[in-house]
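Here the structure is laid out as structure tokens; the discussion comes afterwards.
The values are calculated or read from the model by the stated rules, or taken from the named source; none is laboratory data. The structure presented is a predicted model; accordingly, all values stated were derived computationally and were not measured. Quick reminder, even Gly has a Cβ in these numbers, built from the backbone with ideal geometry, and neighbours come from all protein chains shown. Areas reflect the complete protein model, heavy atoms only, side chains present, ligands, DNA and RNA absent. Shrake-Rupley method; radii C 1.70, N 1.55, O 1.52, S 1.80 Å.
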Amino acid sequence: MTFRAALIEQTLERGRVQAHEATLRDLSEDFLDGAGGDAPVDIAVHYSGINYKDGLALAGKPGVARTSPLIPGIDLVGEVTASADPSFSSGDVVVLTGGGIGEAAHGGLAERARVSAKYLVKLPEGLSPRRAAAIGTAGFTAMLAVLALEHGGVRPEAGAVVVSGAAGGVGSVAIAVLNQLGYQVTAVTGRAQEEGEYLRHLGAAELLDRKDFAEAGPALQKRRWAGGIDSAGSATLANILSQTDDGGTVASCGLAQGHDLPTTVMPFILRGVTLAGINSVTATPALRAQAWGRLASDLPVELLDEMTQEIALDGVFDQAEQILAGQVRGRTVVNLKR
């Protein structure tokens, strides 16, 4: 029996990609032998998604795919067909984001998957498989960032919060959730003219051009934000930190602009700003369950549907290029049900 999958084959030398090929293949079931560790869970994948990381992996950029050959896809939603782990049974509908799939282990851009149960979550009540896939790693990351703001004491009455990379997957979900919770949201985007109506519909009260954040400014700037969610890194994050009010929290969850941080300790020691790092890959099972429960209750599903497009597996290669070029808004679901 065979299953269809996207497959990456590449040669690495000292962390640099020397040769790379990403194709659509029909693979035999034994291709997954050894996957999932000592207590693997077999899944008939119904949906996956395309995230920024997936775009990097499919395009042959270094830093994501750490083994070859590799089925990419850092998230999946599907039905358990067999399980050596007692926590899951055949027929369970489950979601997996991160946990190393699509990077060091075979991922979700395939009709079949064999994974470890360590980061697997049963789908919350009231959330359909397609919508869970639309949320995916990006939406899960956005909710972890919202939880970090709440943990840092950033409440709606504290003032405006800023979201960078606003039209992307993380930004779109973050804006929708924050608005639903009563926050006043300022969206930072490089596509204000094209995406302004979309972002306002999600709940953004104000739009700012990312050019205004592209170069690091003074260590301390005018106080503008009670908190923020940043997926850009580099100068954008540095400026957001410098503009955050006393006691504010900024959640850092991406590096679309760069992995550097050209700032000083001044925002931290003179304003008590907290920089909260968001790691969606190895989030604990308890935190995963909390985040997925909150997504089921706090993310308006009608907005989620509006920000979601659906493609077939053979469309992932073109979609990856568009994501890296910054041409994709919201979320992309890959339908793997034949």
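Tabulated values for the structure
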item	result
Filter pass, residue 297 being free of Cβ contacts under 8 Å to residues at least 60 places away in the same chain and farther than 24 Å from residue 224 by Cα	yes
Strands (runs of 3 or more DSSP E) fully within the range 205-301 counting 3 or more residues that are surrounded by 15 or more Cβ atoms within 10 Å (Cβ to Cβ), of a type in the set (Gly, Ala, Ser) and modelled with pLDDT of 95 or more	225-230, 244-252
The one condition in (1) hydrophobic (A, V, I, L, M, F, W, C); (2) part of a loop (DSSP other than H, G, I, E, B); (3) open to solvent by less than 10 Å² (accessible area, probe 1.4 Å) that residue 143 fails to fulfil	(2)
Hits in the range 156-188 (condition: farther than 23 Å from residue 286 by Cα, out of contact with any Ser or Thr (no Cβ under 6 Å at 6 or more places or on another chain) and open to solvent by 10 Å² or more (accessible area, probe 1.4 Å))	156, 157, 158, 159, 168, 169, 179, 180, 182, 183, 184
Cross-chain or 6+ apart pairs with Cβ under 9 Å, the range 123-137 first and under 21 Å from residue 175 (Cα atoms), then open to solvent by less than 10 Å² (accessible area, probe 1.4 Å) and among the hydroxyl-bearing types (Ser, Thr, Tyr)	133/48; 134/332; 135/97; 136/48; 136/97; 136/332; 137/97
Residues satisfying the stated conditions in the range 302-331, i.e. surrounded by fewer than 17 Cβ atoms within 10 Å (Cβ to Cβ) and closer than 26 Å to residue 124 by Cβ	302, 305, 306, 309, 310, 311
Criterion (touching a residue at least 40 places away in the same chain (Cβ under 8 Å), in contact with a strand residue (DSSP E or B) (Cβ under 6 Å, 6 or more places away or on another chain) and farther than 24 Å from residue 322 by Cα) met by exactly one of 42, 92	42
Only listed residue being at pLDDT 95 or above, over 21 Å from the mean Cα position of the chain (by Cα) and hydroxyl-bearing (Ser, Thr, Tyr), chosen from 68, 48, 83	83
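Yes/no per residue for (1) out of contact with any Leu (no Cβ under 8 Å at 6 or more places or on another chain); (2) outside any strand (DSSP E or B); (3) more than 23 Å from residue 133 (Cβ to Cβ); (4) open to solvent by 10 Å² or more (accessible area, probe 1.4 Å):
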site	(1), (2), (3), (4)
37	yes, yes, yes, yes
44	yes, no, no, yes
86	yes, yes, yes, yes
89	yes, yes, no, yes
